[in-house]
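Taking it in order: structure first as structure tokens, then the write-up.
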Amino acid sequence: MKLIVVSAGLSSPSSTRLLADRLTAATLSHVDAEPEVIELRDLATDIAQHFVTGFPSARLAAALDAVAAADGLIAVTPVFAGSYSGLFKSFFDVIDKDALTGKPVLLGATGGTARHSLVTEHALRPLFTYLRALALPTAVYAASEDWGDEGLARRVSRAGAELARFMAPATGDAALNVDTAGAIAPRSLTGAITSVDPAGGFTVVPFEQRLAALRAE
């Protein structure tokens with residue numbers, strides 16, 4: 001399996017790359033995969049030229065192909081002006097619209113203050129939802145004061161375990177042992193969540209018929 005890590009940090013060393021590396025290590029502790037890191041700062045000129053020419057350079061094309069072929073993706077950005085960086089957004093602007101469909105993605109962000117901690121929810125998650133990726137429940141934000149804190153370590157560990165589970169989902173009898181299996185409610189014939197198992201067979205009473213019965217009373 002292939003794990004692709006996209007880091008949009010601009011400095012070297014970078015706290016964004018550090019968070020990406022920790023998320024990678026946490027994921028690889030649960031699943032056997034080959035990691036590859038894509039540093040967007042090395043592709044900044046290539047991305048800009050792609051917007052102008054409409055054609056990716058060889059190394060940008062290789063990066064885009066790697067993301068499309070990945071079994072799992074870790075995407076980490078620094079916070080600029082309360083949102084993801086322009087470089088981060090530009091990279092995902094030039095990727096094929098179907099490249100991330102159904103792909104599990106672990107979201108991460110770094111910033112100087114905890115005030116930006118919801119950036120993963122109001123900026124990153126909508127972006128990857130639009131791209132039809134499977135944005136994992138646990139996203140990790142690291143402010144400057146979080147480094148060395150046990151809370152960050154726990155979030156990183158939990159997020160890595162989630163990504164590993166979605167990269168290599170259990171099958172057959174093993175699926176019955178997945179922690180989240182019991183939390184998945186059965187759905188009705190229309191797709192709505194219900195407490196009745198459709199496999200057991202039941203009669204669907206149209207809503208209009210129920211209303212008519214109430215009026216008759």
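Table for the structure above
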read-out: Pairs, first under 13 Å from Leu118 (Cβ atoms) in the stretch 132-145, second open to solvent by 20 Å² or more (accessible area, probe 1.4 Å) and of a type in the set (Val, Ile, Thr), C-beta under 6 Å, six or more apart; value: Ala143/Thr113
read-out: Filter result (open to solvent by 50 Å² or more (accessible area, probe 1.4 Å), under 28 Å from Ala68 (Cα atoms) and among the charged types (D, E, K, R)) within the stretch 98-122; value: Asp98, Glu121
read-out: Any hit, the stretch 68-78, residues being out of contact with any strand residue (DSSP E or B) (no Cβ under 6 Å at 6 or more places or on another chain), in a loop (DSSP other than H, G, I, E, B), of a type in the set (A, V, I, L, M, F, W, C) and in contact (Cβ under 8 Å) with a residue 12 or more places away in the chain; value: no
read-out: Residue satisfying all of: in the stretch 123-142; assigned to a loop (DSSP other than H, G, I, E, B) and open to solvent by 30 Å² or more (accessible area, probe 1.4 Å); farthest from Pro56 (Cα to Cα) among these; value: Pro137
read-out: Residues of the stretch 1-35 that turn out to be acidic (Asp, Glu) and either within 25 Å of Arg154 (Cβ to Cβ) or crowded, with 16+ Cβ neighbours inside 10 Å (or both), as a count; value: 2
read-out: Residue in the stretch 44-63 that is in contact (Cβ under 8 Å) with a residue 40 or more places away in the chain, within 20 Å of Phe128 (Cβ to Cβ) and either in contact with a Lys or Arg (Cβ under 8 Å, 6 or more places away or on another chain) or open to solvent by 10 Å² or more (accessible area, probe 1.4 Å) (or both) present; value: no
read-out: Arg41 being open to solvent by 20 Å² or more (accessible area, probe 1.4 Å) and under 24 Å from Tyr141 (Cα atoms); value: yes
read-out: Filter result for Ser85 (at pLDDT below 95, small (Gly, Ala, Ser) and in contact with a strand residue (DSSP E or B) (Cβ under 6 Å, 6 or more places away or on another chain)); value: no
read-out: Residues satisfying the stated conditions in the stretch 143-160, i.e. among the hydrophobic types (A, V, I, L, M, F, W, C) and surrounded by 18 or more Cβ atoms within 10 Å (Cβ to Cβ); value: Ala143, Leu152, Val156, Ala159
read-out: Thr45 vs. criteria hydroxyl-bearing (Ser, Thr, Tyr), at pLDDT 95 or above, closer than 20 Å to Ala164 by Cα and part of a helix (DSSP H, G or I); value: no
read-out: Selection from the stretch 79-92 of residues that are open to solvent by 10 Å² or more (accessible area, probe 1.4 Å) and in contact (Cβ under 8 Å) with a residue 24 or more places away in the chain; value: Val79, Gly82, Ser83, Tyr84, Leu87, Lys89, Ser90
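The values are calculated or read from the model by the stated rules, or taken from the named source; none is laboratory data. Model, not experiment: these values are computed from the prediction. Note: ideal-geometry Cβ built from the backbone for every residue, glycine included; neighbour counts use all protein chains shown. Ligands, DNA and RNA are excluded from the accessible area calculation, which covers all protein heavy atoms including side chains. Shrake-Rupley method; radii C 1.70, N 1.55, O 1.52, S 1.80 Å.
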